[in-house]
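Remarks on the structure that follows.
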Amino acid sequence: MAVLLRSVRWFGAACPLVRPAPRLPPSRHLIYQARFFTVAHQQEGKFQEGIFSDKFQQYFNVGFKKLDTAVSLNGQVRKGLLLWVFHDTCRKGLPNRNLILLLLQSCGSLLPELPVSERTELAHRMWEGLQRLGTKYDVDHYNALLQVYLQNKYIFSPADFLTKMEKANVQPNQVTYERLIAAYCNEGDIEGASKILEFMKNKELPITEEVFSSLVTGHARAGDMEKAENILSVLRDAGAEPSPNIYLALLSAYAEKGDIINIEKLLKQFEKVDRCPVGKHVMQVILSFARTGYPQYIQNIIKHLDTGCFPDVMNLCLNLVTQDLEDVAFQILKSCPKLSSGNEGRYESFLNHCVVLNKPASKLKQFCAELKEANMHSLPFECTLKSALKNKKAGMAIDLMKIMKEYGLPLRCHYFWPLLVMYQEKKDVKGTVEVLKVMHELGIKPTLRTYANYVLTHTDVQTFSALLQEAGCTPNNDLLPVAELVHELQFGKLENVLALLSSPRMLHVKISGIQQAFFVAFKQSTDVDLWSKITEVLYKDGSFWLTPPGPSEAVGYFLYNLIGSMSDSEIQAKEECLRQYFHQLKKMNILIPPMICRGIHKLLDSYNVPELIKAVQLEDNRLPYIPNEANHDVSALEKNLEELEAKNQPITNVLKQLILALCVEQNMQKALEVKSKYKPDMVVDGYEALIYLCCLQDNAEDAMNLKEELSHIDSSFTLPTKTYLALIQVLGNSGRVKDVINILKEMKKKDVPISSVSAKVFARVLSSMALRGEVETVNQLFEMVMNLGLAEPSQNLFSSVVLAHLEKGDMRRALDTVIHLHRKYNFTTGPHKLFCKLIKEENTDILQEGIDFISKEQGEICVLHDLLFAFLEVGKYDEAKKIIETPGLRAHNKKLDWFMRRCISESQVTTMENLVEITQGLFECDRDEMYYNLLKLYRKSNDWQKASAVWTKLKEESFVELRERTIKLLADILQRNGQEVFFYLPKRDGIDQPPKSEPRFEDSITMLCHSGNVKEAYGVFLEAVKKDMKFKSSTYFTLIKALLSLGYVGETVKVKTFAESHIKSFRLNVTASSHLIRAQVRRDYLKDAIDTLKSALENNVFPDQSSIKMLVQALGRKGNVMGIHTVEKMMKTLPGSVGLHPMLFVSNTSVAHIMNNNIDVAVENIESLFTTGLQNADSSSTISIGHVFGSVMEEKRQPALDKLSAMADRLANQFGAYGPVTDLFLEYLRAKRMDDAKFLLERYGAIAEQKERLTAFVANKATEAESIKMLLDMVPDSLEMNTVYSSLLENYAKHGDVSSAKAVYEKMKAEDMDLDERTLKQFAILLKKAGQPVPFTEPPEYSTAELKNETSAKTE
């Protein structure tokens, strides 16, 4: 101890100052309120800024930020996030020093959800894994590992640790010695600690408070509490006040002894010390009590706990739960101040941890009930159930659902889906039945989606019904056939769908409820015949539709919604299929109402497919009220009526036809006169037509009088839905509220079929009343409609109710109405009009309330977009721009689409222009979609000058990838106004068409091509040429595409030449040019292929990478050096246009020299690349000659291979360049030359360190699964397993190997690895094709651009 006292001069007696985090000044400005409620306060980082290299910023910034943010905000790290960052780091292969430090530090107390033994094991895994990547650890990394050992109470030998550092040539520093002393002291080894202290004294290292804290612990654990206590006195005698850490060490020592009396005494002293955060240090004391078996004393010191720092308290609670002290943990949690409504999710960490550790359901019930009772969490049971399902705790989940049932909480059908998925994966039908049995016991009826997606996957309906009956559950025989139909639709099995629709079991199916499944199936299939037959069955059998509207109108809406469900790219891809589909429907005499047909035309017009619009000729032009056999001549009917009346014969039938005919002519006055004259002979059909006509002409009085007369004739008669809706609309506009209410009641009483049109009519009626400020009337009618179940919640309907308050200027009632509607109907109406009014009035208090509410219910991204749109509409563009600048904001494309449609419908040009401008830098914003909608607005206003200026803006945004529809729309605007199109326009039809051809030839060519009779189609073309017939561009393209698919190169060129001679602007598009080049290469017409490439580039058409690579490689194999140089020269004029790798031309030039027996020239050129590139490590790392080795092996040119191998040896031995030998090694693997590969690996062990090349080989789509597995066997420690598994899975998916793919997926799950979305999507498609369930949430469809980018990256 005397030695220590002499060293006190090295000890900084003053405690380090604790600087509070700066607080933002309060602001009531709208923008600050909008921006700052989403941005959490960021604590000052632990690492200096500016120390990261560019490569680190590019590859690791995301992972580092995620970890650092988790630590800063929550004081802990989740295991899943930590593993994701670690695997991501290994996959990229370039670990950074500071990221490694953070990874290691996260394996200690920052990971409370894992037991200490698992934390240490994880730290060792990371240490070894990162070391295999070539990481060189420094003293800070060893110190971080020491800290993890201490936090996890891991027993190790400090002497061995120092030896390990010495072998690694890493010198310990002061922190190392301090932590080694702590390690000795933790075991009560004062002698070992003294040796380190003596060494520190000799090196004149200062003795810090950390050392004194450790010595207190050491003496206490050695059983000498007197010496431990004496350290405080010694420090005071030396003039140094003990630091908080020393007090903490003594408190923990008392806690380990269970000495509560001394703890309370010391706490009183501790509280008197300045700058000492007693409350935080009490947490460590509580843990010491728990760890050493004295939990009974924890209650005594909870009062000293600082519950203000919630992340620290939560970490304490999680540690206590891990040590089976969940009751104590929960008591501490309850003592914390209540969190705000937006942060109550933080309690879920506690509940989730209890679930992971399999705490009994009774305990979870207690915790959830108390949290809810104390208003600390609004949905604790639901969150706990979600955690149990996520962690696949089936028994616990069922127990929790039973508990929820006891508490009267709503149980949803989708709660059972994860349980059903578990049995799906095992193909366990009996397990599935057991889950349904539990649902039956809990009173939950399975929905259609439940049956279709999670039940009927491994059994048929009959077998399943029998199993349900055996289990004591009554099968839903009405729903099961529909579920079977939906199931077949989802897998695209249209043959089975057609058979089911024709089956008598389908009598009660209503297609309108499941039409979305039909759309999915139609989009997956290209069998137009099946499309047509299914539509014919639906059209002819009226039982599939609600009556009214009946088959004709219903099928019309079905077709309209089918087109509306497809994107522009899907429409253009399936244009020919849709054209044939509509053509066959017309042949089948399937007709739809003209209004719907016009709607389809309008939809197709927005997709810019004019030829397809011409194919939709399905209008039903028959009169709506008069049967086909009826006489339409009013004069003749009147004369006939008079004759029958004169002869005293029945006039009912003729009278009805006359009334209907007058209604068709909309001659209301005459029809009413006829009705009055012949009232006793009127029938219900005539009244129905007359009522509808009066409604159309806003004659509410006569409409209601007629309805009264109809009720006297037949009170049970039910009017069609459209007539009721027309009545409601005309009565509402006339202010006859009581009559409207009576009509609504009658609709409910007579069970009138309701469609989506009904809600729109109700909304129009309510909106008209709202605009008149009739608040009470609007509320009364709205409640009536909803209570009677006549409409589902919708934006238009709910907005009408809010609008009434806005028109009255009552903002408070408007917001309260939005909140009330959400709570009652669980539906949030759009706040756009409300926000606009509030911003105009600068009513910041109510606006802030609205922001908080929408943020809580729909999320921060949604409310920021709502604010953005409101600011734009009221003209506050600077504020809108600040919203866009909110950190972390990404585009919500559905909301953007809604607002752009609104701008177009209301002709808000300036607003739309500002929106397009300020969203330029918005993350994930579809810029083509933005400009496309802006052009639609310009087309509506016929402003070609502004449309022309869009082209300049598009060029400025060089990263915008324009779709064909956008270019066509801009060209259409210019051409309509007689302006020149100053850019290349892709033409498939329409513009620059040749003279009209004879339809017989053109139709024959198209039909023959689509039916696969290409030779016959070409014969028809030659016959037409002899007759000097000319066709449209689309016909030539169809024929060229068909010829290329069969490799008919000469014939293709003839068609292309003929088309160019007759249509001035004709040119092959990208796809056709690429196909033609590939076909010419396959036929060995290399000179023609070069000419095709040159012609395409001259026309600003850029063939795809694969066709150019195929051409260059063919020239290399033929030894055509000049041809390669010609192509290279063409490409150099287009920098970045095609994105070809520079080594493509270098390596194939070398191959060409070898094929010409100029081996030495090839070797010299390649060798010079590496020797000159050694000065630039980045440059040399991108040089790969694997293609050269592969081509030489393929052509069996052994002398050339020997010289190339010798060159690779020289570069490895003399220059330390291991790239060439690694390329050779990988090509040996690809060629299945295992002995040569093993020999090369044994000779050059450094091959295993070339992780970038090895990873690229694994990720290359051309690499076979067998080669990847061989590489894994030979260098298992050099590959990132995530990449290996992903590549294997893609490979198996590509070749349809389901069993191997599932085996890889199970391995990844076992090793807790994640797949990227693209690979998951491929795996999901493979499983669907094999008729197997998908055991995960299926990712969204990738866009063509995304797939293209990923594919090209992997190929490189």
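The values are calculated or read from the model by the stated rules, or taken from the named source; none is laboratory data. All values derive from a computational prediction rather than experimental measurement. Quick reminder, even Gly has a Cβ in these numbers, built from the backbone with ideal geometry, and neighbours come from all protein chains shown. Only protein heavy atoms, including side chains, enter the accessible area calculation; ligands, DNA and RNA are left aside. Shrake-Rupley method; radii C 1.70, N 1.55, O 1.52, S 1.80 Å.
Numerical summary
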read-out	value
Positive minus negative residues near D943 (Lys, Arg vs Asp, Glu; Cβ under 12 Å)	+4
Relative contact order, percent, the range 1229-1286 [alpha-carbon distance under 8 Å, six or more residues apart]	43
Residue-level accessible surface for L316, protein heavy atoms, 1.4 Å, Å²	10
Whichever aspartates and glutamates have a C-alpha closer than 18 Å to that of K738, once near sequence neighbours (fewer than 8 apart) are set aside	D698, E701, D702, E708, E746, E774, E776, E783
Modelled FRET efficiency - R0 30 Å, T1071 with N589, Cβ distances, 0.05 increments	0.25
Gained length - D1316 relative to Y877, 0.36 nm times residue gap less alpha-carbon distance	154.2 nm
Simple label model, 7 Å out from Cα along Cβ direction - Y294 to A646, nm	12.2
Cα gyration tensor, the range 410-484 - rounded (a/c under 1.5), prolate or oblate	rounded
Dipole of the range 635-713, positive end: most advanced residue of N705, N640, L660 [Cβ charges, Cα centre]	N640
In Å², nearest 10: area of W898 left accessible to a 1.4 Å probe	100
Loop-resident sites, the range 1053-1102, for trypsin sites (Lys or Arg not before Pro), counting at most 16 other Cβ within 10 Å (DSSP)	K1064, R1083
Set of lysines near K66 by C-alpha distance (under 16 Å), chain-local residues within fewer than 8 positions excluded	K46, K79
Counted charge near G732, where neighbours are those whose Cβ lies closer than 11 Å (Asp, Glu -1; Lys, Arg +1)	+1
Shape of the range 1048-1163, Cα gyration tensor, a/c cut at 1.5	prolate
Karplus (6.51, -1.76, 1.60) ³J(HN,Hα), θ = phi - 60°, over the range 770-777, in Hz, Gly and Pro reported as x	4, 5, 8, x, 8, 4, 4, 4
Heavy-atom accessible surface of the range 700-770: percent carbon and sulfur, 1.4 Å	48
Most to least accessible of K738, K895 (protein chains only, probe 1.4 Å)	K738, K895
In Å², nearest 10: area of S676 left accessible to a 1.4 Å probe	80
Cross-link pairs K427/K1329; K445/K1321; K837/K882; K808/K882; K1118/K1203 - those with Cα-Cα distance over 25 Å	K445/K1321; K808/K882
Net charge over other residues, Cβ less than 13 angstrom from the Cβ of T910 (K, R count +1; D, E count -1)	-3
Over 25 Å (Cα to Cα) - which of K392/K1302; K153/K334; K437/K750; K940/K1030 fall in this group	K153/K334; K437/K750; K940/K1030
In Hz, Karplus ³J(HN,Hα) per residue of the range 1208-1224 (6.51, -1.76, 1.60; θ = phi - 60°; x = Gly, Pro)	4, 4, 4, 5, 6, 6, 8, 10, x, 9, 9, x, x, 5, 5, 4, 5
Entries of K523/K614; K602/K656; K574/K953 with Cα pairs more than 27 Å apart	K602/K656; K574/K953
